[in-house]
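The values are calculated or read from the model by the stated rules, or taken from the named source; none is laboratory data. Everything quoted here is computed from the prediction, not taken from an experiment. Counting neighbours? That spans all protein chains shown, and the Cβs are built from the backbone with ideal geometry, glycine included.
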Amino acid sequence: MNMKKWKEALLNSEIQALPILTYPGLQITGQSIMDVVTDGRAQYELMKAIADRFPTAGAVSIMDLSVEAEAFGSEIRYSDNEVPAVFGRLVVDEDSVKALQVPDLTKGRIPEYLKAVELSAKNINRPVFGGCIGPFSLAGRLYGMTEIMTAMRRNPDTIHLLLEKCTELILEYNKAIKKAGAQGVIMAEPAAGLLSERFCQKFSSDYVKKIVDAVQDDNYFVILHNCGQTKHLVNSMVSTGAEGYHFGNAVDMADILPQIPQDKLVGGNIAPVDVFQNGSVYSVVKETMSLLEKGEEYPNFFISSGCDIPPGTPLENVDAFFNTLALFNQHQQRKIS
């Protein structure tokens, strides 16, 4: 699929929805979290169930920020009730960073996630987006977030070396996602939201750009996700050259939308926990309508969740989100006609 044509269609159509929506489909398929984070076919079945149920602009694989860290050798905590999480530190100083080997794509659960993308690309009739972590967020999981925030100032060369190794893995992973048939990737770089604009540029965006430059083309888009306090980081994010940008509910989209070039896609940001998971149908409708009104003047805007929608989110809340979008678009068409 030519993704530039897909983007042009989005720019010239009513507002589309591309939420980070996978886990709520467990209620449709009857699978467990362990099923879909360890078995590529099970994850594909989850993605297919979501695509069959909801009119999304694309299908997204699970946002799992432990996959690449596990491939490096990090310990992962699994649960039937919680998403996988990285436990402990893998590297602690310059020597351990130098000794760290960049894994190949047979390590950990990477082959299963690639299988999910390949099956989805073959069987889901819309663009399929794989998922990966961003370089700084991966480095923080390997080194420890508290520790890396200090080391960036005291031992920047060590952190840059670690970032080079993280970038190498993420780049190769993206090449494999692309080869598996995906039309793009959603790269989650939430830890960069903790940084100043200068540090975000040096320790995140410059490395993200290396990946974007290597893999993005007419048939494969990178959408850069950051769910942190990013109002001051938009210029740095845009410098990566990604075709799309995705923001969390920590920011007001009214502050973000004017900063994004009109030829780049921008999405967000209904709160995944407070609204989608824990809100009522009424609150979903209210928040969705409010966001649509903020974004209606921006043709490059797509409505989305602020991050991945958690397991156990009521399907009626997801239905309310899509129904509100449909009613809004119908109303806009009547105004035009």
inquiry  = Given the criteria within 28 Å of M3 (Cβ to Cβ), modelled with pLDDT of 95 or more and among the small types (G, A, S), does G306 qualify?
reply    = yes
inquiry  = Within segment 112-135, does at least one residue satisfy the condition of being touching a residue at least 60 places away in the same chain (Cβ under 8 Å), over 25 Å from K175 (Cα atoms) and of a type outside the set (S, T, Y)?
reply    = no
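State yes or no: is I62 free of Cβ contacts under 8 Å to residues at least 40 places away in the same chain, among the β-branched types (V, I, T) and either surrounded by fewer than 18 Cβ atoms within 10 Å (Cβ to Cβ) or not in a strand (DSSP E or B) (or both)? Don't jump to the end; show me each part of the working.
On the way: free of Cβ contacts under 8 Å to residues at least 40 places away in the same chain: no; among the β-branched types (V, I, T): yes; either surrounded by fewer than 18 Cβ atoms within 10 Å (Cβ to Cβ) or not in a strand (DSSP E or B) (or both): yes.
Here the answer is no, as I62 does not meet what is asked.
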key: Qualifying residues in segment 169-215 (those that are surrounded by 17 or more Cβ atoms within 10 Å (Cβ to Cβ) and among the polar types (S, T, N, Q)) - the one nearest to N125 (Cα to Cα)   = Q183
request  = Output yes when any residue across segment 176-195 is without any contact (Cβ under 8 Å) to a residue 60 or more places away in the chain, within 26 Å of P111 (Cβ to Cβ) and part of a loop (DSSP other than H, G, I, E, B), and no when none is.
outcome  = yes
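Could you please give the count of residues in segment 153-168 that are out of contact with any Leu (no Cβ under 7 Å at 6 or more places or on another chain) and either buried (at least 20 other Cβ atoms within 10 Å of the Cβ) or among the polar types (S, T, N, Q) (or both)? First the steps, then the outcome.
Pass one, segment 153-168, residues out of contact with any Leu (no Cβ under 7 Å at 6 or more places or on another chain): 153-161, 163-164, 167-168.
Checking the rest, the ones that are also either buried (at least 20 other Cβ atoms within 10 Å of the Cβ) or among the polar types (S, T, N, Q) (or both) come to 155, 158-159, 163, 167.
Number satisfying all stated conditions: 5.
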query = Which residues, counting only those in segment 246-301, are of a type in the set (K, R) and either over 22 Å from Q229 (Cα atoms) or surrounded by fewer than 15 Cβ atoms within 10 Å (Cβ to Cβ) (or both)?
reply = K286
request  = Among the residues of segment 86-108, write down those that are in contact (Cβ under 8 Å) with a residue 60 or more places away in the chain and either touching a strand residue (DSSP E or B) at 6+ places or on another chain (Cβ under 7 Å) or buried (at least 21 other Cβ atoms within 10 Å of the Cβ) (or both).
outcome  = V91, V97
